[in-house]
Amino acid sequence: EVNQDWVILSEPASKKLNAQPGEKISFDSGDKILELEVVGIIKDFPGAGLGEDFALVHRQRIFKTFINRPAGSEIWVRLSPEANSNQVKEELLASLDFEVLDWGELYPVLAQLYSLMNAANYILLLVIYIAVAFGIANTMIMSVFERVRELGILKAVGTRPAQLFGLIIIESIFLAILGMVIGAIASGITIGLWSRSGLDLSMFATGMEALGLGTVLYPVLTFENILGAVVMAVLIAIISAIYPAYRASRLLVVEALRHY
């Protein structure tokens with residue numbers, strides 16, 4: 001028979017229980033006591049924060065002792081960030097004769113909070129995009145006004161208005177690309193640090209535990225997030241440069257050459 005009288009503790013849990021490998025700890029439900037031997041200490045576990053308390057126990061031992069049956073009444077399935085929860089739910093319903101609830105149905109308050117945070121994020125992004133658009137437009141307008149004479153010389157030597165228009169648009173796109181490179185470096189360092197150590201929100205532990213959340217959050221950056229930001233940055237750069245490019249293409253050669 002396979003030994004089931006074991007428990008593996010996380011490092012914070014072992015310190016709080018003052019339990020080391022080879023020692024025994026007890027789980028007391030009031031009328032039943034389960035005694036297990038500590039066989040190992042985990043210093044890190046995928047999906048769990050470094051400061052979280054948790055224990056790995058053989059499920060049948062827990063079920064037989066406290067539930068009087070060798071199986072669980074609930075199974076929680078953790079999906080990867082890119083997984084479609086509705087599709088997984090439909091597949092489970094089709095293959096199992098059990099009730100299947102997604103996280104939104106299980107925690108309706110958390111689902112409403114998630115929707116509210118998404119709406120707030122979209123509003124914040126809109127404000128940021130508007131600020132970026134005005135910043136690029138202002139930069140390109142100043143660039144055109146400061147180079148009126150140079151642009152007039154380009155028109156005098158045969159540059160067509162459409163070519164000047166395209167030149168300003170391309171300059172704006174390169175300005176956006178430069179900003180994206182700098183932003184990618186800064187955000188990459190920040191996300192890299194947080195993905196290793198996590199963002200500790202233990203000061204809000206009571207409220208987060210009530211919502212079923214851990215106290216350490218780890219950022220997740222998907223390809224869709226990066227692609228969406230790049231596309232929006234390029235579109236904003238093009239739209240913001242349309243007016244300065246139009247002004248540059250409509251310059252009169254004589255007036256431009258007189259400009260100092």
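A few notes on this one:
- Candidates M180, M117, M140: whichever shows maximal mean-square fluctuation once the chain is modelled as a Gaussian network with Cα springs under 10 Å: M117
- Helix-derived mean residue ellipticity, 222 nm - over the chain, DSSP H n ≥ 4, -39500 (n - 2.57), to 500: -19000 deg cm²/dmol
- Of I173, I185, I33, the one that fluctuates the most in a GNM where the chain has Cα springs shorter than 10 Å: I33
- Cα-derived Rg to Rh of the range 145-260, Kirkwood definition: 1.31
- 17 Å Cα cut-off, lysine pairs counted over the chain (separation 8 or more, or different chains): 6
- Descending Cα extents along the principal axes, the chain, whole Å: 97, 42, 33
- What the chain shows is 71 Å² of accessible area per residue, with the surface traced by a 1.4 Å probe over protein heavy atoms.
- What separates the Cα centres of the range 1-26 and the range 142-194 is a distance of 61 Å.
- Sites excluded, trypsin sites (Lys or Arg not before Pro) in DSSP loops with at most 12 other C-beta within 10 Å, longest stretch of the chain: 79-249
- P(r) tail fraction, the range 53-197 - alpha-carbon pairs more than 19 Å apart, %: 77
- Accessible-area ranking of D31, D200, D102, D5, largest first, probe 1.4 Å: D31, D200, D5, D102
- Charge dipole (Cα centre; +1 on Lys/Arg Cβ, -1 on Asp/Glu Cβ; no other charges) of the chain amounts to roughly 1600 debye.
- Share, in percent, of DSSP beta bridges within the chain that are antiparallel, nearest 5: 65
- Span-like helix ranges in the chain, DSSP H, alpha carbon extent 18 angstrom or more, Kyte mean at least 0.5: 108-146, 161-197, 223-249
- Accessible area of the range 84-162 belonging to carbon and sulfur atoms, whole % at 1.4 Å probe: 66
- Summarised in one figure, the compactness ratio Rg/Rh of the range 77-128, Cα atoms and Kirkwood Rh, is 1.12.
- Solvent-accessible area of S249 with every protein chain in place, 1.4 Å probe, in Å² to the nearest 10: 10
- Label-zone membership for the range 106-129, site L93, 7 angstrom Cα→C-beta point, backbone N under 11 Å: none
- Net +/- balance of residues flanking V100 in space, Cβ distance below 10 Å, scoring K and R +1, D and E -1: -4
The values are calculated or read from the model by the stated rules, or taken from the named source; none is laboratory data. Keep in mind it's a predicted model, so treat the numbers as computed, not measured. Reconstructed Cβ throughout: ideal geometry from the backbone, glycine too, with neighbour counts over all protein chains shown. Areas reflect the complete protein model, heavy atoms only, side chains present, ligands, DNA and RNA absent. Shrake-Rupley method; radii C 1.70, N 1.55, O 1.52, S 1.80 Å.
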